[in-house]
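Encoded as structure tokens, the structure appears first; notes follow it.
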Amino acid sequence: MKKNNRILELPDEVKSKIAAGEVVEGPFSCVKELVENAIDAESSQITIDIEDGGKRLIAVSDNGTGIHPDDISMVVKRYSTSKISRLEDLDLIYSLGFRGEALASIGAVSQIEILSKSSNNDMGRYIKVFNGEIKEEKARQRQRGTSVIVKFLFNNYPARRKFLHSSNAEFRKILGEIIPKCICYPEISFVLTHNGKKVIDIPSTTSTDRIASILDETFISSLVPVEFENFDNNIKISGWIQRPELPSLKKYYLFVNKRNVWDGKIFKLIKDFYTPFTDENPSFILFIDIPADLVDVNVHPTKKEVKFHKEQLVMSTLKRTLNETIGVDSDYRRDLFSFQKDFLFEGDSKSKFWQLHNSYIVAQTNTGLVIIDQHAAHERILYDNFKNNETFTTQSLLFPIQVKHTPLEMLKLEELKNDLKKLGFVFRVFSGNSVMWEGVPSVITEINEDKIRGTLEDLSTEKETSIDGLLKSISCHLAIKAGEPLSVEEMESLVNGLFSTDKPFRCPHGRPVLFEVSLNDIEKKLLR
């Protein structure tokens, strides 16, 4: 970032390239712009005072580089900025602000006072602006930095002021702007007050400590650290993302070059990656650091959106990050599901697995214990085996199974007979809706009349059945049921098979397969 630049009015060619629009949507957008200016000024301390949800007063003070006294009158003039000076600078923006619109737009719809002192001057400079016009300007004492006070927002636009929400609602929007800044800039201390009461008061600290102080402990414990760097293209992705086996707390923070933004394609990629685990949107705090010439921040006046010039490269890097963080070969997966410590349950065979009510497998992990739904686990294994194989071998049944199906089931069998045969099923249809089942896919370890009948009964209720729907139904009905006793060897085989799949945390229909109980949770319950 350029340091100590003087404020200049941008040339016409640059003005024409800046996306035009209103930057003042409400008190929250005023706070956003003022805090971003304070961050760009290299401040280490920022104080935000709010009254009446920002409708009566917004005050932002910092200890940054300040404004040169000769430039103080320029800051409320549109397209006047120290962040860029020529057209080429739009391709290399690292600062949060650059348009030169914020103070001009705020000053046009409120009463605004600015007091600033730069490093190289003995006195500060003060101006008072009302509805876009400078009403007062004079020298005034101040330590280095800038204070901006905004009063009576939209006082000259009563129709817009009428549509502002309650004080608490507007303040919640302001919090929504401040919290991401606190997360992204742990080196800056922040103080936020509302009607004289401190809401945030956090010193400068490390990134991890800042996350812990600004967000609740439950949220932090639901996340896994993320870090991956594409050295060939100088793209780095870091932060934290939701553990797949836990429910989402629905908090999403995305930063591109330390700018908190919204990107629908990134959100969709993350959601799609987690779809086998859950139908919820997974929580995350992600930082994408990318060369400035590969991202366009000049997309919208609010600067909430960005455009990647090599979008596919960013997406593939993010996908690889997710795979290496919580994918099959990740340290997370190995740490959570490693059974190499002392056995938790001891019996005659000193088994590390124990079956609960003939339905759940309990096993020790590095950090506690995990409870696995044996039916859902086997369902996931069967489904993945079907999905990941192009050809299927058939095992002939020593004793073929004859099943008399309903007319609806026979209609569905006729519809799906080619797909079933491709999967490895062998059957013959007789008169009277009788079918002789003579072979099944080799991945199926046990078959009986009830399982075959249940599969077709389930499928017959669907008007149309996709191949994926067929695989889900087969996997569900042919999987081990709750209530079936398993040997130690069978449990171990099932657990190993589960964690060799790509998505072990949810069954194909989206139900949880397992949940973990940490030693910390156990100790809290036992007051240790």
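The values are calculated or read from the model by the stated rules, or taken from the named source; none is laboratory data. Model, not experiment: these values are computed from the prediction. Every residue, glycine as well, gets a Cβ built from its backbone with ideal geometry; the counts of neighbours run over all protein chains shown.
Before moving on, here are some points about what is shown:
- Of all residues making up the range 474-485, the number that are within 12 Å of His509 (Cα to Cα) and surrounded by fewer than 23 Cβ atoms within 10 Å (Cβ to Cβ): 1
- Condition met for Thr394 (in the same structural domain as Lys503 (by TED's automatic domain parsing), surrounded by fewer than 18 Cβ atoms within 10 Å (Cβ to Cβ) and β-branched (Val, Ile, Thr)): yes
- Residue check for Thr455: assigned to a loop (DSSP other than H, G, I, E, B), surrounded by 13 or more Cβ atoms within 10 Å (Cβ to Cβ) and out of contact with any Lys or Arg (no Cβ under 9 Å at 6 or more places or on another chain): no
- Test: residue in the range 22-45 that is at pLDDT below 85, in a loop (DSSP other than H, G, I, E, B) and under 30 Å from Lys310 (Cβ atoms): yes
- The residue list Gly497, Gly469, Gly510 contains one member that is on the phi > 0 side of the Ramachandran plot, of a type outside the set (A, V, I, L, M), under 39 Å from the mean Cα position of the chain (by Cα) and assigned by TED's automatic domain parsing to the domain that holds Phe386, which is Gly510.
- Single match in Thr208, Thr193 (criterion: among the polar types (S, T, N, Q), in a strand (DSSP E or B) and modelled with pLDDT of 85 or more): Thr193
- Output for the range 259-270, where each listed residue is exposed (fewer than 15 other Cβ atoms within 10 Å of the Cβ) and more than 24 Å from Tyr383 (Cβ to Cβ): Trp262, Gly264, Lys265
- Residue tally, condition at pLDDT 70 or above and part of a loop (DSSP other than H, G, I, E, B), over the range 303-344: 7
- Residues of the range 399-445 classified as closer than 15 Å to Leu470 by Cα, part of a strand (DSSP E or B) and in contact with a helix residue (DSSP H, G or I) (Cβ under 6 Å, 6 or more places away or on another chain), total: 1
One line per residue, one yes/no per condition, for (1) touching a residue at least 12 places away in the same chain (Cβ under 8 Å); (2) among the aliphatic types (A, V, I, L, M):
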| position | (1), (2) |
| --- | --- |
| Leu420 | yes, yes |
| Gly424 | yes, no |
| Ile444 | yes, yes |
| Glu449 | yes, no |
| Ser493 | no, no |
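- Of all residues in the range 493-502 being at pLDDT 80 or above and touching a helix residue (DSSP H, G or I) at 6+ places or on another chain (Cβ under 9 Å), the one that is farthest from Gly327 (Cα to Cα): Leu494
- Inside the range 490-526, residues that are hydrophobic (A, V, I, L, M, F, W, C), surrounded by 14 or more Cβ atoms within 10 Å (Cβ to Cβ) and assigned to a loop (DSSP other than H, G, I, E, B) make up a count of 4.
- For the range 271-298, taking the residues that are modelled with pLDDT under 85 and in a strand (DSSP E or B), the one that is surrounded by the fewest Cβ atoms within 10 Å (Cβ to Cβ) is identified as Asp296.
- Test: residue in the range 64-74 that is hydroxyl-bearing (Ser, Thr, Tyr), at pLDDT 95 or above and under 26 Å from Ser204 (Cβ atoms): no
- Scanning the range 106-164 for residues that are in a strand (DSSP E or B) and among the aliphatic types (A, V, I, L, M) gives Ile112, Ile114, Leu115, Ile127, Val129, Ile134, Ala139, Val148, Ile149, Val150.
So that you can scan it fast, the table gives a plain yes or no per residue for (1) among the small types (Gly, Ala, Ser); (2) touching a residue at least 40 places away in the same chain (Cβ under 8 Å):
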| residue | (1), (2) |
| --- | --- |
| Lys197 | no, no |
| Pro203 | no, no |
| Asp209 | no, no |
| Ala212 | yes, no |
| Ser221 | yes, no |
| Phe228 | no, yes |
